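Before any comments, here is the structure.
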Amino acid sequence: MPTDFDILVIGAGQAGLSAAYHLKRLGLRPEVDFLVVDHAPGPGGAWQFRWPSLTLSTVNKVHDLPGMSFAETLPAGSDDVAAATAVPHYYAQYEQRYDLRVHRPVSVRVVCDRTADGQRCDGRGQVLAAETDTADTIRVRGLINGTGTWEHPFVPRYPGAETFAGRQLHTRDYREAADFAGEHVLVVGGGISAVQLLDEISQVTTTTWVTRREPVFLDSEFTPRAGRDAVAVVEDRVRRGLPPGSVVSVTGLRLDDRLRAARERGALRRLPMFDRIEPDGVRWADGSFQHVDVILWATGFRSALDHLAPLRLRGPGGGITMTGSLATRVAVDPRIHLIGYGPSASTVGANRAGRAAAVELTRYLATN
C-alpha cells in the first residue's frame with residue numbers, strides 16, 4: 001500500500017464515502033492524491049453489523065449517497081430485505097461506480113504529528129503519520145476522519161453492575177428477540193434503537209423499560225426541517241467546544257404504527273432509572289425491586305476517536321471545538337476534519353459534511 005498522500009480518509013461509511021466522492025470531484029485522484037482506508041472486512045460501514053430483523057421497512061431511512069440513489073440498487077418489493085444486506089450492497093456498488101479504491105481491512109491505530117523527517121510525535125509538525133495494523137505508516141498533509149461511533153459503544157456505570165448474575169449486552173451485540181425467550185429483559189435507553197428492540201423483544205417475552213428522561217413521542221412525520229433544526233442544536237454545541245450529544249435527543253421519537261401497537265400491549269410503559277444493580281435484578285431509590293435475567297444497554301455510542309488522542313484535540317471539558325462552514329474542521333488544527341462527529345453523526349448531515357470537509361481541506365492545503 002502506498003504511504004504518502006495529501007489526504008487520508010479514515011472510514012468508508014456514509015460520511016467517508018461522501019468525502020471521497022467530493023475529493024474526486026475536486027480533481028484529486030484515489031491512491032495518488034488521497035487514500036481511503038476502512039477497518040471493516042467489506043463495504044457497508046456500520047450497517048453491515050446491524051441485527052437481521054432491522055429491515056428496510058423498520059429502519060428510519062437510508063439516505064442516498066451523493067450522485068447515486070439507493071433505490072437504483074434495490075429489487076422490487078424489497079421492504080423486507082435486511083438493512084445489513086441491502087445497504088452494504090449499495091455501498092459496494094457506489095465504491096465501484098466512482099472507483100474510490102477503499103483499502104480494507106485496515107485499522108488506524110494512532111495518528112501522530114511529525115516533522116518531515118519523522119522524528120517528532122507532538123506539537124504541530126508538517127506531516128501527520130497514521131500508524132496502521134498492517135505495519136504501514138501513512139504520511140499525509142491532511143486528515144478527514146469518518147470513524148463514526150459503532151466501534152465505541154457506551155455503557156454507563158451503575159453500582160452493583162459487576163455483581164449481576166444474568167447477562168448484560170449492548171445494542172451492538174443484539175441479534176434477535178428469540179434469544180431472550182422465557183427471560184425477563186430490562187431495556188435501558190430512550191433512543192430509536194431502544195424502542196425498536198423493546199418492541200421486538202416484548203413480543204416474545206416480558207420486558208421492563210427504563211430511561212433517564214421521559215421519552216418524547218411525536219405523532220407527526222419526521223420532516224427535513226425538523227432534522228435540520230436538530231442538527232443545528234448539536235452543531236452549536238461543538239462550535240462551543242462542548243461534547244456533542246445526540247441528534248435523536250433533540251428530535252424525539254416518531255410514534256409509528258408499530259410503536260402504537262407496542263404501546264397498546266403495554267410495552268412502552270416507561271420507568272425512571274434504577275438506583276443500583278443487584279445479582280438478580282435492579283432496585284430503585286424508593287426500595288422497589290424488579291427481578292431481571294438480562295440487561296440490554298441501548299445507551300448509544302460515543303465518537304470513536306481514541307486513535308487521535310496524541311494530537312490533543314480535546315478541550316478541558318472533553319469536547320473538541322469545531323469550526324468551518326458545517327463545523328467539520330478542528331479549530332486547533334485546520335489540517336484535521338471530523339465527519340461523523342457531532343452534527344454529522346447522523347445520516348441527516350453526513351453527506352453535506354463530507355462535501356464541506358473535502359472542499360475546505362483541499363483549499364487549506366493549496367495555500368499552506
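The values are calculated or read from the model by the stated rules, or taken from the named source; none is laboratory data. The structure presented is a predicted model; accordingly, all values stated were derived computationally and were not measured. All Cβ positions, glycine included, derive from the backbone under ideal geometry; neighbour counts span all protein chains shown.
Applying a threshold of 6 Å to beta carbon distances and a minimum spacing of six or more residues, or different chains, the list of pairs starting in region 85-106 at a residue that is in the same structural domain as Leu56 (by TED's automatic domain parsing) and ending at one that is in a helix (DSSP H, G or I) and modelled with pLDDT of 95 or more reads Tyr98/Tyr21; Leu100/Ala20; Val102/Glu95. Of all residues in region 36-73, those satisfying the criterion of being free of Cβ contacts under 8 Å to residues at least 40 places away in the same chain, closer than 28 Å to Leu198 by Cβ and part of a loop (DSSP other than H, G, I, E, B) are Arg50, Leu56, Ser57, Val59.
Could you tell me whether any residue of region 295-302 is buried (at least 19 other Cβ atoms within 10 Å of the Cβ) and out of contact with any strand residue (DSSP E or B) (no Cβ under 7 Å at 6 or more places or on another chain)? Yes, region 295-302 has at least one match.
Does region 328-339 include one or more residues that are outside the structural domain of Gln196 (by TED's automatic domain parsing), over 17 Å from Ala358 (Cβ atoms) and touching a Pro at 6+ places or on another chain (Cβ under 6 Å)? Checked region 328-339: no residue is outside the structural domain of Gln196 (by TED's automatic domain parsing), over 17 Å from Ala358 (Cβ atoms) and touching a Pro at 6+ places or on another chain (Cβ under 6 Å). If you scan region 257-273, which residues turn out to be out of contact with any helix residue (DSSP H, G or I) (no Cβ under 8 Å at 6 or more places or on another chain), closer than 12 Å to Val187 by Cα and outside any strand (DSSP E or B)? Scanning region 257-273 gives Arg269, Met273.
Residue by residue through region 1-27, note down the ones that are assigned to a loop (DSSP other than H, G, I, E, B) and either small (Gly, Ala, Ser) or touching a helix residue (DSSP H, G or I) at 6+ places or on another chain (Cβ under 7 Å) (or both). Gly11, Ala12, Gly13, Leu26, Gly27 - these are the residues of region 1-27 that are assigned to a loop (DSSP other than H, G, I, E, B) and either small (Gly, Ala, Ser) or touching a helix residue (DSSP H, G or I) at 6+ places or on another chain (Cβ under 7 Å) (or both).
Within region 312-341, being over 18 Å from Gly148 (Cα atoms) and in a loop (DSSP other than H, G, I, E, B) holds for Arg312, Gly315, Pro316, Gly317, Gly324, Ser325, Ala331, Val332, Asp333, Pro334, Arg335. Taking the residues in region 224-247 that are more than 18 Å from the chain's Cα centre (by Cα), part of a helix (DSSP H, G or I) and at pLDDT 85 or above as candidates, determine which candidate is surrounded by the fewest Cβ atoms within 10 Å (Cβ to Cβ). Among residues in region 224-247 that are more than 18 Å from the chain's Cα centre (by Cα), part of a helix (DSSP H, G or I) and at pLDDT 85 or above, the one surrounded by the fewest Cβ atoms within 10 Å (Cβ to Cβ) is Asp236.
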